[in-house]
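The values are calculated or read from the model by the stated rules, or taken from the named source; none is laboratory data. Everything quoted here is computed from the prediction, not taken from an experiment. No Cβ is skipped: glycine too gets one built from the backbone with ideal geometry, and neighbour counts run over all protein chains shown. The protein model used for the area step is the full one, side chains on, heavy atoms only, and it has no ligands, DNA or RNA in it. Shrake-Rupley method; radii C 1.70, N 1.55, O 1.52, S 1.80 Å.
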Amino acid sequence: MTDAPGGDSTAGRRRAVPASGKPSRIRMSAAQRREQLISIARQIFAERGFDATSIEEVASRAKVSKPVVYEHFGGKEGLYAVVVDREVRSLLDRITTALTAGHPRELLEQAALTLLTYIEEETSGFRVLVRESPLMSATGNFSSVMNDVAHQVEHILGAEFSSRGYDPKLAELYSQALVGMVALTGRWWLEVRKPRKETVAAHLVNLAWNGLSHLEAKPGLITVRGR
């Protein structure tokens with residue numbers, strides 16, 4: 001039995017196909033295209049670094065022409081800056097949100113575990129941050145993120161030092177040392193991924209906290225004392 005004229009046949013319900021036989025691609029909005037390019041560039045920058053990444057490859061993976069990438073970002077430097085800025089804000093937001101405990105040791109645990117979790121969940125983003133920045137800038141890279149975190153830790157240590165009779169002016173030195181220890185360990189863990197992040201965080205805090213809890217009021221170098 002044939003379909004009645006004008007009836008809802010299967011053929012009539014099929015999506016129109018161009019003469020080439022290939023379905024037409026759905027056009028992205030400008031905002032969607034921008035997000036796609038950022039995501040692709042993030043992955044390539046993580047894999048190859050800034051210097052080895054080309055606009056040609058970004059455009060090729062996105063299946064667009066190079067002028068489309070230039071239209072959105074002006075060039076490779078502009079695209080890289082957007083990718084890095086997003087990662088910086090993402091990591092800082094995570095750490096700032098995590099620092100909620102009242103006890104200094106718990107704060108250390110939260111900071112260490114948050115960084116390791118970011119490395120685990122956003123590996124490409126972390127690789128982008130820890131690579132050398134081509135922008136020759138003190139901001140917008142992993143170092144600047146860790147400096148911001150260190151300033152938060154400095155306020156915590158300053159209050160702790162004052163309550164224990166230590167010089168609060170040294171809180172900045174100790175905060176840089178603590179954050180640097182966690183950051184360098186995080187870069188190492190990025191490659192080895194063992195032991196598990198909770199174990200790594202526990203050992204970091206063990207070293208940091210037990211060291212802090214037995215600080216000498218006026219430390220000196222043994223080699224200097226012996227002269």
Fill in the blank from the handout: Stretched fully, the stretch from Arg196 through Gln32 gains (0.36 nm per residue minus C-alpha distance, one decimal, in nm) 55.4 nm
Handout entry: Proximal aspartates and glutamates to Lys197, defined as alpha-carbon separation beneath 17 angstrom and excluding residues fewer than eight positions away on the same chain
Key = Glu106, Glu109, Glu120, Glu121, Glu122
Completion exercise
The lysines whose Cα lies under 25 Å from the Cα of Lys63, excluding any fewer than 8 residues away in the same chain, are Lys22, Lys76
Handout entry: Gyration tensor over alpha-carbon atoms, segment 50-152, equivalent ellipsoid semi-axes in Å
Key = 32, 13, 11
Fill in the blank from the handout: Between the alpha carbon centres of segment 92-121 and segment 139-205 the gap in Å comes to 10 Å
Exercise for the section: With all protein chains present, calculate the accessible area of Ser60 using a 1.4 Å probe and round the result to the nearest 10 Å². Expected result: 80 Å²
Practice task
Please give the solvent-accessible surface of Phe161 in Å², to the nearest 10, using a probe radius of 1.4 Å with every protein chain present.
Solution key: 10 Å²
Problem - Reach of Lys218 by Cα under 19 Å, taken over lysines that are not fewer than 8 positions away in the same chain - result: Lys169
Fill in the blank from the handout: With Val88 itself left out, Lys, Arg at +1 and Asp, Glu at -1 over residues whose Cβ is under 15 Å from its Cβ give +1
Handout entry: Kirkwood Rh in Å, taken over all unlike Cα pairs in segment 151-227
Key = 14.1 Å
Practice task
Please state, as a whole number in µm²/s, the translational diffusion coefficient that the Stokes-Einstein equation yields for segment 80-209 at 37 °C and 0.692 mPa s, with Rh defined as the Kirkwood radius across alpha carbon pairs.
Solution key: 217 µm²/s
